[in-house]
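The values are calculated or read from the model by the stated rules, or taken from the named source; none is laboratory data. Everything quoted here is computed from the prediction, not taken from an experiment. In this analysis, Cβ positions are derived from the backbone assuming ideal geometry, glycine residues included, and neighbour counts consider all displayed protein chains. Please note that ligands, DNA and RNA were not included when accessible areas were found on the heavy atoms of the full protein model with its side chains. Shrake-Rupley method; radii C 1.70, N 1.55, O 1.52, S 1.80 Å.
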Amino acid sequence: MKAGWAYFFDVPTWARAGGCTIENEPLGLDYDAAVRRAETVLLPAFDSWRSGGETDVPAVEIAKVGTLDWLFAEYRADQRYTKLDVRTRRNHEVGFRLVGGYVMRDGQRLGSVSLAAITTAVTDALYEKLLMADVGHERRTTINHAMKSCRRAWNVAARRNPGKVPLVNPFSKMGLKSSDRETPTATFEELQSFRAKAVELGHPSLATAALIAWEWLQRERDIFASFDVTHYRPKERPNAVRVLHVKTSEENWIPLFDNSVPLYPELMAELDAIKRERIGGPMLRRDWGKHAPWPTRPTPGEVDLTHMSRKTKEIIRAAGLRDELTFTSFRHGGFTEGADADLSDAEMRAQGRHKSAKVLPTYAKRTMKQVAEGARKRRAMRTKADNLSE
């Protein structure tokens with residue numbers, strides 16, 4: 001062409017005759033952009049059609065350039081998306097489905113709409129509709145995540161495609177308000193029920209893991225991905241355990257005895273039994289087959305605990321416990337038990353390795369016992385003051 005070489009994606013004649021629904025498409029004058037769209041969007045969809053949908057990329061309709069679906073596809077093709085951990089990418093996809101799949105009054109999906117037509121007024125109205133759509137209750141955390149995912153996708157796609165994406169990001173500065181929902185906290189009775197059912201169903205490793213979260217306040221990622229056999233009662237410290245907190249870059253050596261009396265007798269008995277059978281590697285492994293580690297690692301440094309979370313939910317439901325409970329609920333339960341036991345902020349932070357006391361209310365939930373204890377202490381102070389005045 002007069003302006004230079006132009007690039008096109010053409011479906012082979014034999015494929016068209018075979019019923020391929022992917023359309024031919026002009027790819028523009030930018031060679032790098034043309035190759036990027038062909039290799040990350042069009043060719044994977046073509047391969048999916050040829051394999052009958054057995055390839056990793058689903059056989060979906062190719063998004064028209066300049067639409068919201070296209071913007072999501074551009075973000076997926078960028079390394080700023082591909083380098084994210086599995087859980088974060090999954091959260092983004094939930095948001096893309098909620099927003100892009102929203103059906104408007106005219107029956108059209110929002111994902112098929114031109115980016116120029118998606119204004120701040122549209123996103124504000126969409127936000128309010130999605131908050132209560134179909135589920136009968138507010139789901140603010142999920143919808144907030146969806147708006148943030150779209151905001152990120154818009155910014156990345158705009159940098160990848162100068163001039164093709166409107167400069168004003170309608171998902172920015174929405175004034176999102178955080179949800180007041182707290183992480184469900186397990187009681188000690190629920191912990192015991194979960195552990196008993198886990199053993200009954202052949203998953204003693206998850207029973208032990210839940211008790212670690214409760215007693216040592218360790219996060220699930222560190223329990224399953226960092227806790228090594230060598231961390232428990234090593235030769236140089238046979239009466240202690242090394243507990244890692246990767247999120248805060250902290251480690252905590254926890255004593256296991258008080259004047260020769262075990263501080264965690266149930267947990268120590270279970271870990272002692274495991275250590276007798278192994279000399280190294282992850283302390284907690286799957287309870288069947290080749291006893292592989294619970295987390296998978298799709299890429300180096302990435303930890304995916306999806307399988308563990310699903311098994312945990314199966315056990316929670318089999319035990320007849322509250323469905324909103326998750327593995328994290330046991331850690332929060334341990335914090336709350338500590339608050340009920342009148343542990344000071346310093347003692348709580350020493351166990352959980354938090355650097356600031358400001359975050360403790362997130363974990364140690366306010367209970368009736370704490371309120372009653374506070375009232376008792378205040379009355380005791382008043383009585384003491386009256387005695388002094390006499």
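Name the single residue, out of those in region 20-37 being under 14 Å from Glu74 (Cβ atoms) and of a type in the set (A, V, I, L, M), that is least open to solvent (accessible area, probe 1.4 Å). Selected residue: Ala34.
How many residues are open to solvent by 20 Å² or more (accessible area, probe 1.4 Å) and of a type in the set (A, V, I, L, M, F, W, C) when one looks only at region 302-338? Step through it out loud before you land on a result.
First, the residues of region 302-338 that are open to solvent by 20 Å² or more (accessible area, probe 1.4 Å): 303-304, 306-307, 309-311, 313-314, 317-324, 326, 328, 337.
Right, trim to of a type in the set (A, V, I, L, M, F, W, C) and you get 303, 318-319, 321.
Looking only at that region, the number is 4.
Within region 248-284, the residues that satisfy the criterion of being of a type outside the set (Val, Ile, Thr), under 18 Å from Leu217 (Cβ atoms) and touching a helix residue (DSSP H, G or I) at 6+ places or on another chain (Cβ under 8 Å) are Asn252, Leu256, Tyr264, Glu266, Leu267, Glu270, Leu271, Met283, Leu284. Filtered by the rule that a residue be open to solvent by less than 40 Å² (accessible area, probe 1.4 Å), among the charged types (D, E, K, R) and outside any loop (DSSP other than H, G, I, E, B), region 74-92 gives a lone residue, Glu74. Pairs meeting the criteria (first residue in region 256-281 and within 15 Å of Lys235 (Cα to Cα) and open to solvent by 90 Å² or more (accessible area, probe 1.4 Å), second residue of a type in the set (Val, Ile, Thr) and modelled with pLDDT under 90, beta carbons under 8 Å, at least 6 apart or on different chains) are lacking.
Just for region 185-217: of the residues that are outside any helix (DSSP H, G or I) and open to solvent by 40 Å² or more (accessible area, probe 1.4 Å), which one is farthest from Pro293 (Cα to Cα)? So that I can check it myself, show each step before the final result.
Taking region 185-217 and keeping what is outside any helix (DSSP H, G or I), we get 185-187, 201-203, 217.
Checking the rest, the ones that are also open to solvent by 40 Å² or more (accessible area, probe 1.4 Å) come to 187, 201.
Values: Thr187: 28, Leu201: 18 Å.
If we take residues in region 185-217 being outside any helix (DSSP H, G or I) and open to solvent by 40 Å² or more (accessible area, probe 1.4 Å), then Thr187 is farthest from Pro293 (Cα to Cα).
Of the residues making up region 186-226, those that are in contact with a Phe, Trp or Tyr (Cβ under 7 Å, 6 or more places away or on another chain), more than 19 Å from Leu305 (Cα to Cα) and at pLDDT 95 or above number 1. Among the residues of region 231-252, those that are over 18 Å from Arg331 (Cα atoms) and not in a loop (DSSP other than H, G, I, E, B) comprise His231, Tyr232, Ala240. The set of residues in region 300-312 being at pLDDT below 95, touching a Ser or Thr at 6+ places or on another chain (Cβ under 9 Å) and of a type outside the set (A, V, I, L, M, F, W, C) consists of Glu302, Asp304, Thr306, His307, Ser309.
Given the structure, is Gly111 among the small types (Gly, Ala, Ser), open to solvent by less than 50 Å² (accessible area, probe 1.4 Å) and either assigned to a loop (DSSP other than H, G, I, E, B) or closer than 16 Å to Trp70 by Cβ (or both)? Full working, then the answer.
Numbers: among the small types (Gly, Ala, Ser): yes; open to solvent by less than 50 Å² (accessible area, probe 1.4 Å): yes; either assigned to a loop (DSSP other than H, G, I, E, B) or closer than 16 Å to Trp70 by Cβ (or both): yes.
Against the criterion (among the small types (Gly, Ala, Ser), open to solvent by less than 50 Å² (accessible area, probe 1.4 Å) and either assigned to a loop (DSSP other than H, G, I, E, B) or closer than 16 Å to Trp70 by Cβ (or both)), Gly111 qualifies.
Consider Asp287 carefully, then state whether it is in contact with a helix residue (DSSP H, G or I) (Cβ under 6 Å, 6 or more places away or on another chain) and open to solvent by less than 60 Å² (accessible area, probe 1.4 Å). When the stated conditions are applied, Asp287 passes them.
Every residue, every condition in (1) more than 20 Å from Asp78 (Cβ to Cβ); (2) modelled with pLDDT of 95 or more; (3) open to solvent by 30 Å² or more (accessible area, probe 1.4 Å), yes or no:
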| residue | (1), (2), (3) |
| --- | --- |
| Tyr127 | yes, no, no |
| Asp134 | yes, no, yes |
| His145 | no, no, yes |
| Arg160 | no, no, yes |
| Asn169 | no, yes, no |
| Lys173 | yes, no, yes |
| Leu176 | yes, no, yes |
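Which pairs turn up if I take residues in region 219-239 that are touching a residue at least 40 places away in the same chain (Cβ under 8 Å) and over 21 Å from Gly301 (Cβ atoms) and look for partners that are part of a helix (DSSP H, G or I) and open to solvent by 30 Å² or more (accessible area, probe 1.4 Å) with beta carbon separation below 8 Å, at least 6 apart in sequence or on another chain? Hits for this filter: Val229/Ile274; Val229/Lys275; Tyr232/Lys275; Arg233/Asp272; Arg233/Lys275. Is it true that Gly95 is under 22 Å from Ala45 (Cα atoms) and exposed (fewer than 13 other Cβ atoms within 10 Å of the Cβ)? In short, no.
How many residues are open to solvent by less than 40 Å² (accessible area, probe 1.4 Å) and either out of contact with any helix residue (DSSP H, G or I) (no Cβ under 8 Å at 6 or more places or on another chain) or farther than 17 Å from Gly202 by Cβ (or both) if we restrict to region 290-301?
Our first condition is that a residue be open to solvent by less than 40 Å² (accessible area, probe 1.4 Å); within region 290-301, this holds for 294-295.
With the extra rule that they be either out of contact with any helix residue (DSSP H, G or I) (no Cβ under 8 Å at 6 or more places or on another chain) or farther than 17 Å from Gly202 by Cβ (or both), the set shrinks to 295.
Qualifying residue count for the region: 1.
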